[in-house]
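Here's the structure, in structure tokens; my notes come after.
Nothing in this text is a laboratory measurement; each read-out follows from the coordinates by a stated rule. The structure displayed is predicted, hence computed values, not measured ones. Here Cβ is always computed from backbone atoms with ideal geometry, including for glycine, and neighbour counts include all displayed protein chains.
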Amino acid sequence: MIKKLPTHKLEVGMFIHGFEKGWLDHPFLKGSFEIRSKKEIQKIQHAGIHWVLVNTGKGRIRDPNQSSPLKVEDQHTFSEEIQTAEQLFNKAKSQVDSLFENMKMGVTPNIHHIKSLVLELSDSIFRNADALLFLTQVEGKSGDLYQHSINVSILMGVFAKCLGIDPPLLRELMLGGLLHDVGIVSIPKEVLNKPDYLSEPEYLLIKQHVELGKLALEEIGELPEASKLVVLEHHERLDGSGYPKGIGKFEISFYGRMAAIVDVYDAVTSDRTYRKKIRPGMVLRKMMDDGGKELDRDLLREFIKCVGVFPIGSMVELSDGHIAYVQEKVTNPTQPIVRVFRHKRSKDKLESRVIDLEKENLSIIDFAAISTYL
């Protein structure tokens, strides 16, 4: 498990997974290593570093008591969790809509209400991550920028869970995801909703939303460092081509690298006023083709393993001609559980039913074109 630990609690033999900020902010050649001496601990502390990420499953000093945040009996199947997840998803849409609209009018949001929502969403992720992940794809692809914030929060939580990040830090990342585009409220609607590609001046205006978000965070109050870095760095790129600061791979934090992947994935798999959404599988392939130029390739591999070969919520064509949504991951990543809703040769929708492809001896032959079947 990856935990955020204050540096005064470091011990020789612990394994440093990474530092909250970029490579230039610490005095070591590597970002991950086992602490070999007290001098290394002193070196970290003298550099003004107050927190580090520790992998409790590596190094000579391990945490023998590390376990899942929930007991097995507290974890749910997809069917058991989906109704609760839908209620939470709708609650999140209502609260985030109110949050952003109030901020437009200059009303400072209650950070405790936001954290309470994040806690509920994270609890659902720990019970069964596939339920909320499914809803981000099936219910949350309208292109609404507020909806995008909810999706990014959920995806950050699911990604963090897959990486083994401990619950308190996971929630800080989800909080950052929920607020990552808070600066958008200060951008004129006619620019945000323009049904064509932006002009250069309009794009420059859009890019200001990160700095505007920074100012908004100051109004909200004290936030964890991890949450702030998600907001400030989700548009930074390893090759320095991002914004607002144009920092490169040695300066972007671990959290910023995670957020960049999640933000791109959800944005491109959602409708926008100027283009239609692209299928998740195709998006993941394109992101990998980037070759580590803009996005952290190692983290991207972990993200792809997390969301699956056929991501939850993807529309697929089955070997028997039926069209279905991927609903739940199983042991075999190529034969997930799906929900069938029509046949490719028929215009009529069928009464939906759930199928375990492995048990039915069926396979996915390709992703289905969303525009063809909806």
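Rg and Dmax of the chain, both derived from C-alpha coordinates alone, stand at 21.2, 70 Å.
Only Cα sites of segment 127-218 enter the Debye sum here, all with the same form factor; the resulting log10 I(q)/I(0) across q = 0.12, 0.20, 0.23 1/Å is -0.46, -0.99, -1.12, listed in q order. Protection proxy ranking, highest mean first, for peptides 33-41, 118-126: 118-126, 33-41, where packing is the per-residue count of other beta-carbon atoms within 10 Å, averaged.
Rounded to the nearest 0.05, what FRET efficiency do ASN110 and ALA369 have when you use their Cβ-Cβ distance and R0 = 56 Å? So, using R0 = 56 Å, E works out to roughly 0.85.
The coefficient of translational diffusion for segment 315-373, derived via Stokes-Einstein from the alpha carbon Kirkwood radius under 25 °C and 0.890 mPa s, stands at 217 µm²/s.
Near ARG272, the amide H atoms lying under 5 Å from its own belong to LYS277; only residues 5 or more places off or on other chains count, and H is placed 1.01 Å from N. Divide the volume of the convex hull around the Cα atoms of segment 81-154 by the residue count and you get 72 Å³ per residue. Take each peptide in 300-307, 361-368, 222-229, count the other Cβ atoms within 10 Å of every residue, and average; sorted highest first, the result is 222-229, 300-307, 361-368.
Placing a pseudo-label 7 Å from each Cα along the Cα-to-Cβ vector at ASP239 and ASP290 gives an inter-label distance of 1.1 nm.
The share of alpha-carbon pairs in segment 2-55 lying farther apart than 14 Å comes to 43%. Computed over the chain, relative contact order equals 14 percent, with contacts defined as Cα pairs under 8 Å that lie 6+ residues apart. Relative contact order for segment 315-373: 37 percent, from Cα pairs under 8 Å spaced at least 6 residues apart, divided by residue count. Which residue fluctuates most in the GNM of the chain (Cα springs below 10 Å): LEU215, LEU170, LEU238? Residue with maximal mean-square fluctuation among LEU215, LEU170, LEU238: LEU215.
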